[in-house]
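Visitor: One structure follows; several queries about it will come next.
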Protein chains: 2
Amino acid sequence: MTSLTLIARRTVLCALIGLVLPPRAGIADGPDPLPSWREGASKASIVRFVETVTRESSPEFVPVPERIAVFDNDGTLWCEQPAYVQEVFLIDRVKALAPKHPEWKETEPFASALSGARKRLTAAGSKGAATLLAATHAGMTVEEFTLTVSAWLETARHPTTGRPYAAMVYQPMLELLAYLRSHGFKTFIVSGGGIDFMRPWAEKVYGIPPEQVIGSYGKLKYELVDGKPDLLKLPEIGLIDDHAGKPVGIQTFIGRRPIAAFGNSDGDREMLEWTTAGPGARFGLLVHHDDAEREWAYDRQSAIGRLDRALDQAKTAGWTVVSMKNDWGVIFPPSK
Amino acid sequence: MTSLTLIARRTVLCALIGLVLPPRAGIADGPDPLPSWREGASKASIVRFVETVTRESSPEFVPVPERIAVFDNDGTLWCEQPAYVQEVFLIDRVKALAPKHPEWKETEPFASALSGARKRLTAAGSKGAATLLAATHAGMTVEEFTLTVSAWLETARHPTTGRPYAAMVYQPMLELLAYLRSHGFKTFIVSGGGIDFMRPWAEKVYGIPPEQVIGSYGKLKYELVDGKPDLLKLPEIGLIDDHAGKPVGIQTFIGRRPIAAFGNSDGDREMLEWTTAGPGARFGLLVHHDDAEREWAYDRQSAIGRLDRALDQAKTAGWTVVSMKNDWGVIFPPSK
């Protein structure tokens, strides 16, 4: 018997066995694509959904171009405690630019940013934040800003773990991104964070190219400087991609409704609502930060990543709520 | 000698021949991927560019994720004469909605739109256009608008050829889109036309999914109507994706500079300028409408698709100017 005949016989045999034995929760033979997810209801709900929309014989089969999955970033893909990473960047930028602006020492909200008076800074509210954003995130070209972000991310370290921020991403979510992509999904980030802050590193860290990164953005101005075309970042806001701004960002950038949405806070509520209200099989998931030992524990009362109304809605809407403590065997990728 | 050995010998032989003989302008053996393009400088410049950025040994090799190509729509991918298709749609919508608005018969710019007084309509300018757009392109959900566009495109016919508008696309450009995609390019539309007007059919007609269609867009509002989430189209403008708005749209949506840009009018000048000013191999192309017999002939003086300043800049910037008359063997796809 030639080896080709042997392979053919084995294939037929496997196909026959497949008809008799129940499938292993939709995961094909081979290594578990979600090894950092502990077995349980959360992991099973993910695998069941992917199986439902990708098995060709499924009544809820979804063609590849419509397999759109959207992910919040802060608190969903990477750590947002003890402060949003972009907020740390912003304050570092104020400090870096301060020598050129001696008046900032006497002017709010710059003075609070420079002295680390976080409470006073928070009290300055969205108007204070807008002033700081205008001073640090506008007035330069997009390319200059990209270089600044990349350089900062190389050297900045998380205050409690000492790791680079790019290493403070959630290993189970990296596996989930890869698992969905291997099943024909196109993965997008839909974040309240700045689009120009995420795009420089999202491809390297998450495998998500810039054109699949949606975030809050400012207006841009095209201009020629000494005959060289540039795109200047203006201080005017284009979109705040948070809460009800998320479905708006999704429609504007993607132009079709996702079939799966992943978040962790009330800022993601409308995104999950919009996604899961569509026809056919839909999937909504909330990461619940309940692991004070390995990460942080926070939800209804938290100033950062508050999860309150969305947690209630998860019950009625059928969204999967992931317990970081129970569902994740590992939180962060191993140190290199 | 087994057939496997034969194949191996043939492969080695072909590789050796490849080292000796000059490549056929970069097109691999097999059928010509651009059969509707006549041999000549324009076709050669396209093939040479694709070869330059995709051959791994090339000093100007571009990795797949950075192979971004942007295409204008009106006049570049489909016919824009004797009127922009979206303008025809707009006037048809005014007529369809008029019975519910008896006052329109006496009110400008609606009266001119209803009576077909095109000159008076043009005289109403951008303020008149904004009024008509607000009445026909806003005040409904995105899903409702999508259905309206799709239904209209099914029945509307081009006034001089009697063909559906989706058949008034340029066969050579369809081949070019497919040729670029087969070489790892991601193709985007970047049009002054409405994003919500193009997305319903761009995937079927051009193979370009909604998330790769960039156009002018209005603001959206997320709202719950009887507990059902909807995205309402508002009359406020988000971006006019034309002239200097094109590089802005490209940066906002794609987040990196394309390496190839295709247009046909002064509205595309900044897009080509921004694209070809980047480092490494770059490609800019203008479709010149000079074929009065098979299509239309217009450029510097045309009210629609004026090509004046961009035509001059093509010379200094090294953009390819395609003569529809001489470079294209076929204009439209064969009738089905």
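Visitor: Out of the residues in the stretch B:204-223 that are within 7 Å of another protein chain (Cβ to nearest Cβ) and not in a loop (DSSP other than H, G, I, E, B), which is farthest from the chain's Cα centre (by Cα)? So that I can check it myself, show each step before the final result.
Guide: Within the stretch B:204-223, the first condition is being within 7 Å of another protein chain (Cβ to nearest Cβ), and the residues that meet it are B:209-211, B:213, B:217, B:220, B:222.
Cutting the leftovers down to not in a loop (DSSP other than H, G, I, E, B) gives us B:210-211, B:213, B:217, B:220, B:222.
Working: B:PRO210: 13, B:GLU211: 14, B:VAL213: 9, B:TYR217: 16, B:LEU220: 24, B:TYR222: 29 Å.
The qualifying residue farthest from the chain's Cα centre (by Cα) is B:TYR222.
Visitor: Here are the criteria: (1) touching a Ser or Thr at 6+ places or on another chain (Cβ under 9 Å); (2) under 20 Å from B:PRO229 (Cα atoms). Tell me which single one A:ALA303 does not satisfy.
Guide: Only one criterion is unmet by A:ALA303, namely (2).
Residues are listed down the side, and each one gets a yes or a no for (1) within 14 Å of chain A (Cβ to nearest Cβ); (2) under 25 Å from B:PRO63 (Cβ atoms); (3) out of contact with any Leu (no Cβ under 6 Å at 6 or more places or on another chain):
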position	(1), (2), (3)
B:LEU234	yes, no, yes
B:ARG269	yes, no, yes
B:THR275	yes, yes, yes
B:PHE283	no, yes, yes
B:ASP290	no, no, yes
B:ARG294	no, no, yes
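Visitor: I'd like the residue in the stretch A:199-253 that is surrounded by 19 or more Cβ atoms within 10 Å (Cβ to Cβ) and of a type in the set (Asp, Glu) and, out of all such residues, is farthest from B:ILE189 (Cα to Cα).
Guide: Among residues in the stretch A:199-253 that are surrounded by 19 or more Cβ atoms within 10 Å (Cβ to Cβ) and of a type in the set (Asp, Glu), the one farthest from B:ILE189 (Cα to Cα) is A:ASP242.
Visitor: Turning to a different aspect of this structure: Of all residues in the stretch A:192-203 being away from every other protein chain (no Cβ under 11 Å) and either within 10 Å of the chain's Cα centre (by Cα) or outside any strand (DSSP E or B) (or both), which is nearest to A:ALA166 (Cα to Cα)?
Guide: Let us first name the residues in the stretch A:192-203 that are away from every other protein chain (no Cβ under 11 Å), namely A:192-194, A:197, A:201.
Add one more test, that the residue is either within 10 Å of the chain's Cα centre (by Cα) or outside any strand (DSSP E or B) (or both), and what stays is A:192-193, A:197, A:201.
Details: A:GLY192: 18, A:GLY193: 15, A:PHE197: 13, A:TRP201: 8 Å.
The extreme case among them is A:TRP201.
Visitor: On to the next question. In the list A:LEU234, A:LEU174, which residue meets the criterion of being in contact with a Pro (Cβ under 8 Å, 6 or more places away or on another chain) and either at pLDDT 95 or above or outside any strand (DSSP E or B) (or both)?
Guide: Working: A:LEU234 fails: in contact with a Pro (Cβ under 8 Å, 6 or more places away or on another chain).
That would be A:LEU174, the only listed residue that is in contact with a Pro (Cβ under 8 Å, 6 or more places away or on another chain) and either at pLDDT 95 or above or outside any strand (DSSP E or B) (or both).
Visitor: Between residues in the stretch B:179-198 that are closer than 17 Å to B:ILE254 by Cα and residues that are of a type in the set (D, E, K, R) and not in a helix (DSSP H, G or I), which pairs lie under 6 Å by C-beta distance while being six or more apart or on different chains?
Guide: Once the first residue is closer than 17 Å to B:ILE254 by Cα and sits in the stretch B:179-198, its partners that are of a type in the set (D, E, K, R) and not in a helix (DSSP H, G or I) give B:GLY184/B:ARG67; B:PHE185/B:ARG67; B:SER191/B:ASP72; B:GLY192/B:ASP241; B:GLY192/B:ASP242.
Visitor: Here's another thing I want to ask about it. For the stretch B:75-119, which residues satisfy the criterion of being out of contact with any strand residue (DSSP E or B) (no Cβ under 8 Å at 6 or more places or on another chain), closer than 21 Å to B:LEU147 by Cβ, of a type outside the set (Gly, Ala, Ser) and not in a loop (DSSP other than H, G, I, E, B)?
Guide: To start, the set of residues in the stretch B:75-119 that are out of contact with any strand residue (DSSP E or B) (no Cβ under 8 Å at 6 or more places or on another chain) comprises B:81-83, B:87-119.
Still in the running and closer than 21 Å to B:LEU147 by Cβ: B:87-101.
Checking the rest, the ones that are also of a type outside the set (Gly, Ala, Ser) come to B:87-95, B:97, B:99-101.
Of everything in the stretch B:75-119, those that are out of contact with any strand residue (DSSP E or B) (no Cβ under 8 Å at 6 or more places or on another chain), closer than 21 Å to B:LEU147 by Cβ, of a type outside the set (Gly, Ala, Ser) and not in a loop (DSSP other than H, G, I, E, B) turn out to be B:GLU87, B:VAL88, B:PHE89, B:LEU90, B:ILE91, B:ASP92, B:ARG93, B:VAL94, B:LYS95, B:LEU97, B:PRO99, B:LYS100.
Visitor: Across the stretch B:148-160, what is the number of residues that are within 26 Å of B:ARG294 (Cβ to Cβ) and either in contact (Cβ under 8 Å) with a residue 24 or more places away in the chain or part of a strand (DSSP E or B) (or both)?
Guide: So the answer is 6.
Visitor: Looking only at the stretch A:301-329, which residues are over 19 Å from A:TRP78 (Cα atoms) and modelled with pLDDT under 95?
Guide: Once the filter is applied, which keeps residues that are over 19 Å from A:TRP78 (Cα atoms) and modelled with pLDDT under 95, the stretch A:301-329 yields nothing.
Visitor: Something else: For A:ALA41, are the conditions met, namely being surrounded by 10 or more Cβ atoms within 10 Å (Cβ to Cβ), more than 15 Å from A:LEU180 (Cα to Cα) and at pLDDT 50 or above? Write out each step before concluding.
Guide: Working: surrounded by 10 or more Cβ atoms within 10 Å (Cβ to Cβ): yes; more than 15 Å from A:LEU180 (Cα to Cα): yes; at pLDDT 50 or above: yes.
When the stated conditions are applied, A:ALA41 passes them.
Visitor: Hey, another quick one. Checking B:GLN301 against (1) among the polar types (S, T, N, Q); (2) within 11 Å of another protein chain (Cβ to nearest Cβ); (3) assigned to a loop (DSSP other than H, G, I, E, B): exactly one of these is not met. Which one?
Guide: With respect to (1) among the polar types (S, T, N, Q); (2) within 11 Å of another protein chain (Cβ to nearest Cβ); (3) assigned to a loop (DSSP other than H, G, I, E, B), B:GLN301 is out only on (2).
Visitor: Now, a different point. Starting from residues that are within 14 Å of another protein chain (Cβ to nearest Cβ) and of a type in the set (D, E, K, R), keep the ones in the stretch B:136-191 and report whichever is farthest from B:LEU231 (Cα to Cα).
Guide: Of everything passing the filter in the stretch B:136-191, B:ARG181 is farthest from B:LEU231 (Cα to Cα).
Visitor: Follow-up. Residues to consider are A:GLY255, A:GLY245; find the one that is within 19 Å of B:ASP196 (Cα to Cα), touching a residue at least 12 places away in the same chain (Cβ under 8 Å), within 9 Å of chain B (Cβ to nearest Cβ) and not acidic (Asp, Glu). It would help to see each step written out before you state the result.
Guide: Values: A:GLY255 fails: touching a residue at least 12 places away in the same chain (Cβ under 8 Å).
Criteria check complete, one pass: A:GLY245.
Visitor: Here is a further query. Take B:ASP290 and decide whether it is at pLDDT 95 or above, touching a Lys or Arg at 6+ places or on another chain (Cβ under 8 Å) and buried (at least 17 other Cβ atoms within 10 Å of the Cβ). Can you show your working first?
Guide: Working: at pLDDT 95 or above: yes; touching a Lys or Arg at 6+ places or on another chain (Cβ under 8 Å): yes; buried (at least 17 other Cβ atoms within 10 Å of the Cβ): yes.
Here the answer is yes, as B:ASP290 does meet what is asked.
Visitor: Now for a different question. Out of all the residues in the stretch B:283-298, which are of a type outside the set (Phe, Trp, Tyr), part of a loop (DSSP other than H, G, I, E, B) and in contact (Cβ under 8 Å) with a residue 40 or more places away in the chain?
Guide: Applying the first criterion (of a type outside the set (Phe, Trp, Tyr)) to the stretch B:283-298 yields B:284-295, B:297.
Filter once more, keeping what is part of a loop (DSSP other than H, G, I, E, B): B:289, B:291-295.
Hits for the stretch B:283-298 are B:HIS289, B:ASP291, B:GLU295.
Visitor: Give me a count of the residues in the stretch A:28-74 that are in a strand (DSSP E or B) and not aromatic (Phe, Trp, Tyr). Talk me through it step by step, then tell me what you get.
Guide: Narrowing the stretch A:28-74 to residues in a strand (DSSP E or B): A:37, A:68-71, A:74.
In the following step, the residues that additionally are not aromatic (Phe, Trp, Tyr) were identified as A:68-70, A:74.
Residues that pass the stated criteria total 4.
Visitor: Now for a separate question. Taking the stated definitions as given, is A:GLU295 of a type in the set (Asp, Glu) and in contact with a Pro (Cβ under 8 Å, 6 or more places away or on another chain)?
Guide: Working: of a type in the set (Asp, Glu): yes; in contact with a Pro (Cβ under 8 Å, 6 or more places away or on another chain): no.
No, not satisfied.
Visitor: Separate question: Please specify each residue of the stretch B:161-171 satisfying the condition of being in contact (Cβ under 8 Å) with a residue 24 or more places away in the chain and small (Gly, Ala, Ser).
Guide: Scanning the stretch B:161-171 gives B:ALA166, B:ALA167.
Visitor: Hey, could you check the stretch B:143-191 for residues that are of a type in the set (Lys, Arg) and over 24 Å from B:ILE68 (Cβ atoms) and say which is surrounded by the most Cβ atoms within 10 Å (Cβ to Cβ)? Please lay out each step first, then the result.
Guide: Residues of the stretch B:143-191 of a type in the set (Lys, Arg): B:157, B:163, B:181, B:186.
Still in the list and also over 24 Å from B:ILE68 (Cβ atoms): B:157, B:163.
Numbers: B:ARG157: 13, B:ARG163: 15.
The qualifying residue surrounded by the most Cβ atoms within 10 Å (Cβ to Cβ) is B:ARG163.
Visitor: Same structure again: When the residues of the stretch B:77-98 are filtered to those that are touching a Ser or Thr at 6+ places or on another chain (Cβ under 8 Å) and of a type in the set (A, V, I, L, M), which remaining residue is farthest from B:TRP328 (Cα to Cα)?
Guide: Once the filter is applied, the top-ranked residue is B:LEU97.
Visitor: Exactly one condition in (1) among the β-branched types (Val, Ile, Thr); (2) touching a residue at least 60 places away in the same chain (Cβ under 8 Å); (3) out of contact with any strand residue (DSSP E or B) (no Cβ under 9 Å at 6 or more places or on another chain) is false for A:THR316; which is it?
Guide: Only one criterion in (1) among the β-branched types (Val, Ile, Thr); (2) touching a residue at least 60 places away in the same chain (Cβ under 8 Å); (3) out of contact with any strand residue (DSSP E or B) (no Cβ under 9 Å at 6 or more places or on another chain) is unmet by A:THR316, namely (2).
The values are calculated or read from the model by the stated rules, or taken from the named source; none is laboratory data. Given the structure is predicted, the values throughout are model-derived calculations rather than measurements. Virtual Cβ from ideal backbone geometry, glycine too; neighbours counted across all protein chains shown.
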